[in-house]
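*Asks:* Can you read through this structure? Questions will come right after.
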Protein chains: 2
Amino acid sequence: MSSKDIGITIRKAQNFSDWYTQVITKAELADYSVAKGFMVLMPYGYSIWEKIYEFIDSRIKATGHKNAYFPTLIPESLLKKEAEHFAGFTPEVFWVTHAGEGELAERLAARPTSETIAYHSYAKWIKSWRDLPLLLNYWNSVLRAEITATRPFIRTSEFLWQEGHTVHESKEETDNEVMMILDLYRELIENLLAIPVITGKKTEREKFVGALYTTTLEALMGDGRALQMGTSHNLGQNFSKPFEIKFLGRDEKEHYAWQASWGISWRLIGALVMVHGDDKGLVLPPRIAPVQVVIVPIFFNDDEKKMVDARAREVQSELQTEKLSVEYDSREQFTPGWKFNDWEMKGVPMRIEVGPRDIRAGKVTVVRRDTGEKLPVGSAGMAKEISNILGLIQNNLFKKAKTYLEEHTTKIGDYQEFKDILPEKGGFLKACWCSNQQCEDKIKEETGATIRAIPFKEEVWSNCLYCGRPADKVAYFARAY
Amino acid sequence: MSSKDIGITIRKAQNFSDWYTQVITKAELADYSVAKGFMVLMPYGYSIWEKIYEFIDSRIKATGHKNAYFPTLIPESLLKKEAEHFAGFTPEVFWVTHAGEGELAERLAARPTSETIAYHSYAKWIKSWRDLPLLLNYWNSVLRAEITATRPFIRTSEFLWQEGHTVHESKEETDNEVMMILDLYRELIENLLAIPVITGKKTEREKFVGALYTTTLEALMGDGRALQMGTSHNLGQNFSKPFEIKFLGRDEKEHYAWQASWGISWRLIGALVMVHGDDKGLVLPPRIAPVQVVIVPIFFNDDEKKMVDARAREVQSELQTEKLSVEYDSREQFTPGWKFNDWEMKGVPMRIEVGPRDIRAGKVTVVRRDTGEKLPVGSAGMAKEISNILGLIQNNLFKKAKTYLEEHTTKIGDYQEFKDILPEKGGFLKACWCSNQQCEDKIKEETGATIRAIPFKEEVWSNCLYCGRPADKVAYFARAY
């Protein structure tokens, strides 16, 4: 937005945390806000969020979901209705106590999540099985006070997200919804964001407060720590009972409804930085990049400038007809070199250089952000070839991240190995576990690692990592954000 | 969403206010929330908001604006920076005083509008004229405690809106932005919503708190009261000075920036109801209707059912290729008559009946929501003809509303006439005014009418309505929501 200082000055391998913050701010994805713990989503970051929005919104609509909007403020009495849920959220609730000069009779919570306020309405709306399934989604922001450590996109006192809240006739139907959404999230994260994920269930300790069970998608960041990318919960009848969401079934009897809820947030933008970014800044996969190609003109005199400008505009419109998002950087106050750095910092997947020599040779020079490779691309069939190269970049980023994930997933034999590998290499440590929460707690206490996911289908191969008793689950452990 | 009781039971002419509320809730646009003064935007209402969003979002992007997101909570000290602005909003601010168990060192205001929090960032981002214009927009919700009377869409303690906040080098450039946006809003409101508007400036008394001047679009509701449909403000340098938004100009000197802000909200959905609705419920103009056409099958036995079902699906897909939004109501638990009422209540612009007789005659029966007219439409060129009829409906709704507006705009000679006509006929009373706020205040005190707009170009024809001294302005007065 404003003229910038030199590029990224911190190396990713040197100080991951400071590097991350520098990329976020210098690439102008986000800025710190004056209100402590809050951030501003800047236009460039917002445009990535819009790409995520478009994908999710169109897919959930195609599967029968509709959007709605529920109030930001929730009466305390309502938030308290599901006791476990309330206990889980209360430490981080922002409380509204006054309106204007007057004190409110009842405190209002700034929405930490919408289960309670939505389900109060659902109870009124749902009467018969004919009203089911009710498939709603809300695009909004939630507020959860982060008093201690904050980190842009990953841990802030407010974040943008979508929260789906659906109601069903049976547990089985709800299970299907939960898994359908998990698959949709996986498609977004793996195919658009080029970030491979591990999926599975959360343990009782780690599940959403109030859920029957939680399914999750977990990815590995560039520093070997795990990040929860999205969750999809089967809430069972845990909310329908206190909120009295009942329906007259096909059997003419009254039943409590079954419910699912699911969400992804702007933290996915943080993950993009932490997975694909490098010492030059952000690296965006083409399918999620708001600007896929930037054209930089190169010239040394006015005649060349005229010729180059005309050709650059031609190239831009040719690529636009192929539905590519192309920026032409004709700014006069900056040198080509400055522009190269600037767009590299912003992670634009491909740069096209157009200079007099390129024009004479009947080509353009394409530079890949992911590899730095320079490729001449001839005029004939240019748009198609450039689309192909963008496809290669997309695949390469996924493959790189996938290799990293595989190399940082270690099958663990015993607890000593676990304690050795965790600080040294990080990543996911795959081990067998007895399902006893005491072991889980102890491991966290002693190593800082939590169980990120219990994979849906993996066979136990040994006894419990911690207590040595028979194990019934495979667990992915990691230190996590 | 749930099985409904009989249709609208209150007549519009009888009790406008109760009729309005009944249409809102029975057409499932919105529902009251458990939190007093708040409402839930239900899926059907949300889908109208999405149409408004799509139009505005694409147009402002085409004119160079970008979206961003600023925090919901604003520190009190920041809100206080522009004194007039703070004084204007403070009676309706929701104050956050606690986070979890702890009391906050400084109270946080739930965003009543984002000028202050945004401009704090703008001051950091803007350094040179090269950073200008800064053209940003935010889609969010704002919270303003409505303690007294609330009315869904029109006056609630929270509403969805968009707020544009732009920064410019000069007053003239800012004036142009203000008028460009006003035109864009007019296009939305007149061409899509089919609601004619009066445009003009607000008086000093009625302008946005903190603005240099406010421009407005004002429409007339079905009960003769005015509704402010949207505003576009030139903020002058009123915020740039306290917030220190300065830039190095082309003249190498430092200048305070010029700013505009502008917004429309979900109240436009309320206006749709109040302008076009009738005793059967909502009437939606085709260009804003989420469902433009509903197909209702009519049959008396299983053979007919099969035939009708096949034909109805054919018709649906034929119309969809013409990019029409078409619902096929194949619900079996309801009679055709029940469905007719239901879709009329929801304001779907056109119903298509498909029965055995229609099929034999090689046609469908089209029923217009606006006139009730039944028209046979033959199979050849059906989609085109139906598109044409939707165009006629759009035009007819606008024309009807325009005629109503014209018939309820009265040019006033003297104050006695003003006082006679206002309670009897309502609408806009056009009069000459001396620009003195005392006259404006007295008229409001004595009649309840405020100046809704000073039209951009109308010639004064007499002395001031109230004091009889020379007038320099034409003013549109009305009782307003």
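*Asks:* How many residues does segment A:461-481 contain that are surrounded by 15 or more Cβ atoms within 10 Å (Cβ to Cβ) and over 24 Å from residue A:221 (Cα atoms)?
*Replies:* 8
*Asks:* When you look at residue A:327, is it assigned to a strand (DSSP E or B) and within 14 Å of chain B (Cβ to nearest Cβ), yes or no?
*Replies:* Taking the combined requirement at face value, the residue satisfies it.
*Asks:* For the condition among the hydrophobic types (A, V, I, L, M, F, W, C), within 14 Å of residue B:319 (Cα to Cα) and either touching a residue at least 60 places away in the same chain (Cβ under 8 Å) or surrounded by fewer than 20 Cβ atoms within 10 Å (Cβ to Cβ) (or both), what is the one hit in B:380, B:401?
*Replies:* B:380
*Asks:* Let me ask something else. Would you mention how many residues in segment A:260-305 are closer than 23 Å to residue A:364 by Cβ and β-branched (Val, Ile, Thr)?
*Replies:* Looking only at that region, the number is 7.
*Asks:* Can you find a residue that is basic (Lys, Arg), assigned to a helix (DSSP H, G or I), under 19 Å from residue A:268 (Cβ atoms) and assigned by TED's automatic domain parsing to the domain that holds residue A:267 anywhere in segment A:186-194?
*Replies:* Checked against the condition, which is being basic (Lys, Arg), assigned to a helix (DSSP H, G or I), under 19 Å from residue A:268 (Cβ atoms) and assigned by TED's automatic domain parsing to the domain that holds residue A:267, segment A:186-194 yields at least one hit.
*Asks:* Do we have any residue at all in segment A:426-447 that's buried (at least 16 other Cβ atoms within 10 Å of the Cβ) and touching a His at 6+ places or on another chain (Cβ under 6 Å)?
*Replies:* Yes, the conditions are met somewhere in segment A:426-447.
*Asks:* Tell me yes or no: at least one residue of segment B:2-19 is facing another protein chain (nearest Cβ under 10 Å) and either touching a helix residue (DSSP H, G or I) at 6+ places or on another chain (Cβ under 8 Å) or surrounded by fewer than 16 Cβ atoms within 10 Å (Cβ to Cβ) (or both).
*Replies:* Yes, segment B:2-19 contains at least one residue that is facing another protein chain (nearest Cβ under 10 Å) and either touching a helix residue (DSSP H, G or I) at 6+ places or on another chain (Cβ under 8 Å) or surrounded by fewer than 16 Cβ atoms within 10 Å (Cβ to Cβ) (or both).
*Asks:* Here's another thing I want to ask about it. Does residue B:145 count as touching a residue at least 40 places away in the same chain (Cβ under 8 Å) and under 21 Å from residue B:211 (Cα atoms)?
*Replies:* Answer is no for this residue.
*Asks:* Go through (1) surrounded by 23 or more Cβ atoms within 10 Å (Cβ to Cβ); (2) under 17 Å from residue B:358 (Cβ atoms) for residue B:303 and report which single condition fails.
*Replies:* For residue B:303, the failing item is (1).
*Asks:* Against the conditions (1) surrounded by 20 or more Cβ atoms within 10 Å (Cβ to Cβ); (2) in contact with an Asp or Glu (Cβ under 8 Å, 6 or more places away or on another chain); (3) at pLDDT 95 or above, where does residue B:24 fall short? Just the number, please.
*Replies:* Only one criterion in (1) surrounded by 20 or more Cβ atoms within 10 Å (Cβ to Cβ); (2) in contact with an Asp or Glu (Cβ under 8 Å, 6 or more places away or on another chain); (3) at pLDDT 95 or above is unmet by residue B:24, namely (2).
*Asks:* Oh, and also: Based on what the data block shows, is residue B:182 in contact with a strand residue (DSSP E or B) (Cβ under 6 Å, 6 or more places away or on another chain), under 20 Å from residue B:52 (Cα atoms) and part of a helix (DSSP H, G or I)?
*Replies:* yes
*Asks:* I need the full set of residues from segment A:351-401 which are among the charged types (D, E, K, R) and not in a helix (DSSP H, G or I), in order please.
*Replies:* A:351, A:353, A:363, A:368, A:369, A:370, A:373, A:374
*Asks:* Sticking with this one: Could you check segment B:334-372 and list, in sequence order, the residues that are closer than 18 Å to residue B:391 by Cα and among the β-branched types (Val, Ile, Thr)?
*Replies:* Within segment B:334-372, B:348, B:352, B:365, B:366, B:367, B:371 meet the criteria.
*Asks:* Would you kindly identify the strands (runs of 3 or more DSSP E) lying entirely within segment A:227-275 that contain at least 3 residues that are under 20 Å from residue A:180 (Cβ atoms) and assigned by TED's automatic domain parsing to the domain that holds residue A:183?
*Replies:* Answer list for segment A:227-275: A:258-265.
*Asks:* For segment A:462-481, what are the residues that are part of a loop (DSSP other than H, G, I, E, B) and in contact (Cβ under 8 Å) with a residue 40 or more places away in the chain?
*Replies:* A:462, A:465, A:466, A:479, A:481
*Asks:* Go through segment A:145-167 residue by residue and tally those that are under 26 Å from residue A:240 (Cβ atoms), among the β-branched types (Val, Ile, Thr) and within 12 Å of another protein chain (Cβ to nearest Cβ).
*Replies:* Here the count works out to 1.
*Asks:* Then there is this: What residue, of A:302, A:329, A:342, is without any contact (Cβ under 8 Å) to a residue 40 or more places away in the chain, touching a Phe, Trp or Tyr at 6+ places or on another chain (Cβ under 8 Å) and not assigned by TED's automatic domain parsing to the domain that holds residue A:29?
*Replies:* Only one candidate passes the filter, namely A:329.
The values are calculated or read from the model by the stated rules, or taken from the named source; none is laboratory data. Computed from a prediction, not measured in an experiment: that's the story for all the values here. Backbone-built Cβ (ideal geometry, glycine too); neighbour counts: all protein chains shown.
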